[in-house]
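Chemist: The structure's right below; bear with me while I get my questions together.
The values are calculated or read from the model by the stated rules, or taken from the named source; none is laboratory data. Everything quoted here is computed from the prediction, not taken from an experiment. We place every Cβ from the backbone using ideal geometry, glycine too, and count neighbours over all the protein chains shown.
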């Protein structure tokens, strides 16, 4: 491993600087809107930078690198599908423009405006549980990356995870969205430099012809054709395209960038231009994963292969820059996710459990407490939970627990006047059934009766979640129009 003294200096300086900026940013947070959505003053260029940084965590590089290692070039289809989903949302303003005009701070706030306060409570619980479970493996995978790149023994994993979560919680709790936006631009620059250095090192040390030959000999047609790869196929392609569109419009950490934008038009530009980067966001670490397959062969632990390659070939000095860049990515992702889930719990679960909203001061206090509690959960869950198959599949199926029902509720609530609260309940609950079933049953797939075996196919479970959510919204609404008449949505204009 090449991680030396200069690399330690670069990494430590970055960590100290980030925490200092978070502390400095606290003085500019004046109210709840400043804490949760940066005062709704974010312009296009800063919004794009902070969005890209949020969606490029170290875990992103690790799970995409893992896919490149186990699936070869066929995994590149994921980058194309992700780009298509987010660009569609940005080009059309699908959902995000209406949410920004309504000036909500969280997705479940829309449920109360369009349906009822109880729907908001149920939606907040589903969003919080799905989001926190989705985030559950982040810390472990980031720890794996750092331990492999920096040359630590496996026993150091827990210590690395503890240090990381303490730093992230510190500046997220102190400054909220304002500190995230301020630090994200710096992190975006550092991350871009680290990715560039790592890619040059891979090209200099791993022959492209050797990569192609290794993929061909190891994986055959499945290494280049996603429809021939048993991990993918048509159900996977449809699921990921629908899921990417839903996540682009409704995944709270990303949607918060639209809600923090200066106007609906700015929100659309931010999502469109950020969406164009999503192909590279997936394909670059996948390329590193394919290079690891050619460099080491197919016998390593799939999640460790790509980080071990970078630790072996990136020169000392530049390796510190790479680690700082990856830490930058993690800071952005963790902080945005922690703030998103904790604010949902404070505003849409705790507050909605009572008759009245919490005061701004109490909401910020609860948000900070919950963010710290989530951090402890991430540490415990990351050390205990064994991920089914690949991390990518786990992340998308846990994300579907929320995004499927949210897509049914919000899209119907905005674009279909007959949507009502019964349909919303059905969409939220039925959308979570298939992903939850997969997570519970996949550990016992060998002992399940044949008629239940389809639930252990992650692609079927993910696609089924959106189908069930849509059916739940339509059937529930149509059958109860008289008993539960729809609430009219009044669109407000931006002032």
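Chemist: With the structure loaded, tell me whether residue 314 is crowded, with 23+ Cβ neighbours inside 10 Å, touching a helix residue (DSSP H, G or I) at 6+ places or on another chain (Cβ under 7 Å), at pLDDT below 90 and more than 22 Å from residue 88 (Cβ to Cβ) or whether it fails that test.
Modeler: Yes.
Chemist: How many of the residues in segment 126-156 are more than 23 Å from residue 250 (Cα to Cα) and assigned to a loop (DSSP other than H, G, I, E, B)?
Modeler: Result for segment 126-156: 3.
Chemist: I would also like to ask the following. Taking segment 103-116, which residues are part of a helix (DSSP H, G or I) and either closer than 30 Å to residue 5 by Cα or modelled with pLDDT under 90 (or both)? Explain how you work it out, then say what you get.
Modeler: Quick first cut of segment 103-116, residues part of a helix (DSSP H, G or I) only: 107-114.
Passing the criteria: 107, 108, 109.
Chemist: Return the residues of segment 196-229 that are in contact (Cβ under 8 Å) with a residue 60 or more places away in the chain and not in a helix (DSSP H, G or I); say none if nothing qualifies.
Modeler: Answer for segment 196-229, where residues must be in contact (Cβ under 8 Å) with a residue 60 or more places away in the chain and not in a helix (DSSP H, G or I): 206, 207, 224, 225, 226, 228, 229.
Chemist: Next up: Looking only at helices (runs of 4 or more DSSP H) that fall completely inside segment 264-314, which ones have 2 or more residues that are under 17 Å from the mean Cα position of the chain (by Cα)?
Modeler: 264-276, 278-296
Chemist: Okay, next question. Would you tally the residues in segment 336-356 being closer than 17 Å to residue 113 by Cα and surrounded by 14 or more Cβ atoms within 10 Å (Cβ to Cβ)?
Modeler: Qualifying residue count for the region: 6.
Chemist: Tell me, which residue of segment 384-415 that is touching a residue at least 40 places away in the same chain (Cβ under 8 Å) and in a loop (DSSP other than H, G, I, E, B) is surrounded by the most Cβ atoms within 10 Å (Cβ to Cβ)? Break it down stepwise before answering.
Modeler: Residues of segment 384-415 touching a residue at least 40 places away in the same chain (Cβ under 8 Å): 385, 387-414.
The next check asks that each one be in a loop (DSSP other than H, G, I, E, B); those that pass are 385, 387-390.
On the way: 385: 13, 387: 18, 388: 16, 389: 13, 390: 21.
Among those residues, the one meeting the criterion is 390.
Chemist: In addition: Pick from segment 207-221 the residues that are farther than 14 Å from residue 286 by Cα and touching a helix residue (DSSP H, G or I) at 6+ places or on another chain (Cβ under 6 Å): which of them is surrounded by the fewest Cβ atoms within 10 Å (Cβ to Cβ)?
Modeler: Residue satisfying both the conditions and the ranking: 210.
Chemist: On to the next question. Looking at the structure I just gave you, is residue 80 surrounded by fewer than 22 Cβ atoms within 10 Å (Cβ to Cβ) and touching a helix residue (DSSP H, G or I) at 6+ places or on another chain (Cβ under 8 Å)?
Modeler: Details: surrounded by fewer than 22 Cβ atoms within 10 Å (Cβ to Cβ): yes; touching a helix residue (DSSP H, G or I) at 6+ places or on another chain (Cβ under 8 Å): yes.
Taking the combined requirement at face value, the residue satisfies it.
Chemist: Sticking with this structure for a sec: Does segment 424-438 contain any residue that is in a helix (DSSP H, G or I), in contact (Cβ under 8 Å) with a residue 12 or more places away in the chain and under 19 Å from residue 104 (Cα atoms)?
Modeler: yes
Chemist: State yes or no: is residue 381 under 18 Å from the mean Cα position of the chain (by Cα) and either free of Cβ contacts under 8 Å to residues at least 24 places away in the same chain or surrounded by fewer than 20 Cβ atoms within 10 Å (Cβ to Cβ) (or both)?
Modeler: yes
Chemist: Any residue at all in segment 362-372 that is surrounded by 23 or more Cβ atoms within 10 Å (Cβ to Cβ), over 19 Å from the mean Cα position of the chain (by Cα) and under 30 Å from residue 479 (Cβ atoms)?
Modeler: So far as segment 362-372 goes, no, none of its residues is surrounded by 23 or more Cβ atoms within 10 Å (Cβ to Cβ), over 19 Å from the mean Cα position of the chain (by Cα) and under 30 Å from residue 479 (Cβ atoms).
Chemist: Identify, by number, the condition in (1) within 24 Å of residue 85 (Cα to Cα); (2) in contact with a helix residue (DSSP H, G or I) (Cβ under 6 Å, 6 or more places away or on another chain); (3) modelled with pLDDT of 90 or more that residue 277 doesn't meet.
Modeler: If we test residue 277 against (1) within 24 Å of residue 85 (Cα to Cα); (2) in contact with a helix residue (DSSP H, G or I) (Cβ under 6 Å, 6 or more places away or on another chain); (3) modelled with pLDDT of 90 or more, just (3) comes out false.
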